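Derivation of every value follows stated rules applied to the coordinates shown; laboratory data play no part. Being a predicted model, the structure only gives us computed values, none of them experimental. Neighbour counts run over all protein chains shown; Cβ positions are idealised from the backbone, glycine included.
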Protein chains: 2
Amino acid sequence: MHPGLITLDNVAMLTDLYELTMAASYHEHRPDDRATFDLFVRTLPPHRSYLVFAGLEQALCYLTRFSFNPDAIRYLRSKRLFPSSFLSHLKTIRFHGDVDAMPEGTVFFPDEPVLRVTGNLIEAQIVETLLLNTINLQTLIATKAARVVEAAGGRPVVEFGLRRAQGADAGLKGARAAYLAGCAGTSNVLAGQLFGIPIFGTMAHSFVQAFPSELEAFRAFAKTFPSGTTLLIDTYDSVRGAQHAAIVARELSRHGLRLGGVRLDSGDLITASRSVRRILDVQKLRDVTIFASGNLTEYRIQEIVRRRAPIDAFGVGTELSVSADAPILDIVYKLSEVVSGGTKTPTLKLSAGKQTYPGRKQVFRLQRDGRFVGDILALDHEPVSGRPLLKPVMRKGRLVGPLPSLSSLRRHAAAERMQLPSKLRGLHEARPYPIRIGAGLRRTAQECRRRLLTGVGEPVES
Amino acid sequence: MHPGLITLDNVAMLTDLYELTMAASYHEHRPDDRATFDLFVRTLPPHRSYLVFAGLEQALCYLTRFSFNPDAIRYLRSKRLFPSSFLSHLKTIRFHGDVDAMPEGTVFFPDEPVLRVTGNLIEAQIVETLLLNTINLQTLIATKAARVVEAAGGRPVVEFGLRRAQGADAGLKGARAAYLAGCAGTSNVLAGQLFGIPIFGTMAHSFVQAFPSELEAFRAFAKTFPSGTTLLIDTYDSVRGAQHAAIVARELSRHGLRLGGVRLDSGDLITASRSVRRILDVQKLRDVTIFASGNLTEYRIQEIVRRRAPIDAFGVGTELSVSADAPILDIVYKLSEVVSGGTKTPTLKLSAGKQTYPGRKQVFRLQRDGRFVGDILALDHEPVSGRPLLKPVMRKGRLVGPLPSLSSLRRHAAAERMQLPSKLRGLHEARPYPIRIGAGLRRTAQECRRRLLTGVGEPVES
């Protein structure tokens, strides 16, 4: 019986086999070469006009602890695939590279590196899959969460998706990414414990079903949680549920206590919330809030807000936690430069539909009147205007300084979203954001392409 | 810097807060009640005609190790939410319940419980989120993998999705689920090590780019892996790449070695594979295989197979590992029976669109001529025909016996798929499978509904 859990001790093995076969061949042929790789997204997912970068903290954590344990080496040896000199090297390998990255919460666009690794070719290659897996998840969820938060127009959104998230890690890190991107909290208790995220939760329908009647269930719950509790009122019928909640609220008030809110989790939330609000208001329970959940998306929330339904806060589960309308990021990690025997060679890829930009690059952001007006993707040293977004975060395998707290990242993410051109913040149609390619980068790309096409065009040796 | 990793020591906290608030209230009001919960899928995802059950082994593993560590209790106490008597109870809580489940790899349909928990109400409730999260992921991916394997019509399919899987856990357990459902292996090295799944992998485009020319890259790789290696031939141009691969193959053959295969990872795979096959065949390299990858789906694979493209095996990544066309299972865990003070009460839920079946249930499968012809969802003790699918796997919190090996589960999954009505194995249109409700279950549901509606219909007390 295997739990299938990932630890800091085995996370280096969470990699595609080809990283190790390539590393073995580099170890044989060019052990001292250095390289730069860019991590970026090639295209925007449907309906998205921007992306929100997240997952850096965990990625850096894995890099600082990157190593292959004796069990791993033993397993790899058993495959009879690798030269034993490589396996000896693998035993001692650590990550000593340099990492430059955007701060988490930064908004970014296709082709812009969010993270750049420079180091020994073997080390920089071998961390590819782990970096992609880690950044992909949180960036995907942070991007989706930003849309949901945008739709809610200031009403709190709580992430509720653990049960339908794609696995334990997605449930845990997804809660972090959602909070970073503006959610008010999560239902996920472990995320609360490990990341200090506010946690929310009341009762399920099963709680109501477990009692002989709804009213008895509500009274029992309010006895255990007498202060500011929320009651789920739609197990049988939401109007009758609201009446039962009102009874409990009045009973609480006799003891100087108050009911916090009621929750709707099914059916037509707009109509139901209006009926429920009327019942509560008639009973002078104006400060009892209505919390809504149940298959919510950014679009349904936008509609609820537009139609001024009296819903005070939202719980969003599945749709948020798997980014259900766009569950994939076209995220890649591409070699952009190799340094071999003192010679620096920018590289690119010509495969159909997968072309890349060569050389060590930087993203420069132009701002006017507190709004982002365009980015320039250029070589690192190009003299272009704009604020450079990639900052040093790791040098020779060590962090350059303490990482920002999750709450400061959350403030940064909120500020970033406010600075987007307002048409990019819409939910429906993807809108273009101006990205220019620096003249130096354009030139380098042309030279590189020419060199490769000429090489490829030469007669085949035999 | 927090790694955000899940361990057997903290996995109990991977839960929605409401499981703990409900547990606290049960602890106050009905600490000795017992309950039965069903884990099932409410509706089929788009294009699916059946589901493949997976994830049981990990779920059972978490149940056997279920407990709240001192840090967890300290964190929960700091929230000032729970009665301290409950936190004392939580410290000692373990899972002592009974679990009945279908074997992993079994095909199943909406409303059929795949797993049934009976035990102390608190214990049975508190494991809800963890069970859902664990079963959801693997069932989702196994179901998708079965489609991809079906499309490949006997050609091997390798799961390649770790980098785009939604997190580390999805990458690891997704590889297990894909193998269980018929994939030939995975690129994921950790999945190979922990679960004994065959691992596959060669090189990335970056390897080719890191050398001055493609031919040099191929020669270097073949030197490190001289036996049966695969070369990626589309970094610049796949025809030229095939010619370079042929050169290396001839060089290897002079040393009595042979090239295993070439891989295509972009562009029009049908056209490219035909050109590449011709080049290889002309060079008398008929046994060099062509492996194809690059945004493959079950539909594209079906088309490739239908058009008889000379592709010998497939690598499927993102689309498989997030079940991209249907990334959500409508999976739920519902209370079906409560036993309080010796009285057994079947329960159900009437919420709009979320009705459930009450009572302790069993799924009976009818078979004719080696094919499944229909299922009966009935009460556990109902005298209906058919083979019962839910089997005891845990009694009083202990496994009833050793779990089957992953390879035997894989054989079971293959046999199950072969026994499906052939029209259900198609990829495009969801086809119905006959499911009858047993007379006893129907009667219980009616009585239950009547009781609840009458109760709900009574005048509101005040």
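Would you mind giving the mean number of other chain beta-carbons within 10 Å of the Cβ of each residue in B:25-31, as a whole number?
Per residue, the average neighbour count from other chains is 5.
Please list B:69-81, B:94-106 highest first by mean number of surrounding beta-carbon atoms within 10 Å per residue. Don't skip to the end; give the middle numbers.
Details: B:69-81: 14.2, B:94-106: 22.7.
By packing density, highest mean first, the sequence is B:94-106, B:69-81.
Inter-copy label distances for A:Pro402: 5.2 nm (label point placed 7 Å from Cα along Cα→Cβ; shortest first).
With +1 on each Lys and Arg Cβ and -1 on each Asp and Glu Cβ, how big is the dipole of chain A about its Cα centre, in debye rounded to the nearest 20? If you can, show how the numbers build up before the last one.
Details: 61 positive and 44 negative charges, 187 e Å.
Result for chain A is approximately 900 debye, rounded to the nearest 20.
Distances from B:Arg436 to itself in the other copies, using label points 7 Å out along the Cα-Cβ axis, amount to 7.5 nm in increasing order.
Highest mean first, what order results for A:27-40, A:197-210 on Cβ atoms within 10 Å? Intermediate results must be reported in sequence, preceding the final value.
Working: A:27-40: 20.4, A:197-210: 24.0.
Packing order, densest peptide first, comes out as A:197-210, A:27-40.
Say a paramagnetic label sat at a point 7 Å from the Cα of A:Arg398, along Cα to Cβ; which residues of the range A:91-110 have their backbone N under 18 Å from it? Those under the cut-off are A:94-100.
Here are some pairs, B:Lys79/B:Lys344; A:Lys144/A:Lys334; B:Lys361/B:Lys396; A:Lys349/B:Lys223; B:Lys144/B:Lys396; which of them have Cα atoms lying more than 27 Å apart in this structure?
On the way: B:Lys79/B:Lys344 35 Å; A:Lys144/A:Lys334 25 Å; B:Lys361/B:Lys396 19 Å; A:Lys349/B:Lys223 24 Å; B:Lys144/B:Lys396 34 Å.
Too far apart for the 27 Å limit: B:Lys79/B:Lys344; B:Lys144/B:Lys396.
By the Cα gyration tensor, the range A:304-462 has an equivalent ellipsoid whose semi-axes, rounded to whole angstrom, run 39, 21, 18 from largest to smallest. Measuring nothing but how far apart in sequence close Cα pairs (under 8 Å, 6+ apart) lie, relative to its length, chain B scores a relative contact order of 21 percent.
Classified by the C-alpha gyration tensor, the range B:202-292 has an oblate form. Its axis ratio a/c, with a ≥ b ≥ c, is 1.5 or above, and a/b does not exceed b/c. Max-minus-min Cα coordinates of the range A:315-378 on each principal axis give 57, 36, 22 Å, with the largest extent listed first.
Cα extents for the protein assembly as shown along the principal axes, largest to smallest and rounded to whole angstrom: 92, 74, 46. Given 37 °C and 0.692 mPa s, how large is the Stokes-Einstein diffusion coefficient of chain A in µm²/s, with Rh as the Kirkwood radius over Cα pairs? Translational D for this selection: 133 µm²/s. Across identical copies of the chain, B:Gly341 has label-point separations of 8.9 nm, listed in ascending order, with the point defined 7 angstrom from Cα along Cα→Cβ.
In a simple Cβ point-charge model (Lys, Arg +1; Asp, Glu -1; nothing else charged), the protein assembly as shown has a dipole of about 400 debye relative to its Cα centre.
For the protein assembly as shown, what is the percent of antiparallel DSSP beta bridges, rounded to the nearest 5? Working shown, then result.
Numbers: 80 of 116 bridges.
That works out to approximately 70 percent antiparallel.
With a 10 Å cut-off around each Cβ of B:185-195, the average count of Cβ atoms from other chains is 6.
Only the Cβ atoms of Lys and Arg (+1) and of Asp and Glu (-1) were treated as charged; on that basis the dipole of the range B:202-292 about its Cα centre amounts to roughly 380 debye.
Evaluate peptide A:149-162: per residue, the Cβ atoms of other protein chains within 10 Å of its Cβ; return the mean as an integer. Display every interim value, and only then the final one.
Numbers: counts 0, 0, 0, 0, 0, 0, 0, 0, 0, 1, 0, 3, 3, 9.
Mean inter-chain Cβ contacts per residue within 10 Å come to 1.
Projecting the Cα atoms of B:Val239, B:Gln283, B:Ala217 onto the charge dipole of the range B:202-292 (Cβ charges, centred on the Cα centre) puts B:Gln283 farthest toward the positive pole. When restricted to Cα atoms, the range B:1-159 yields an Rg and a Dmax of 18.2, 59 Å, respectively.
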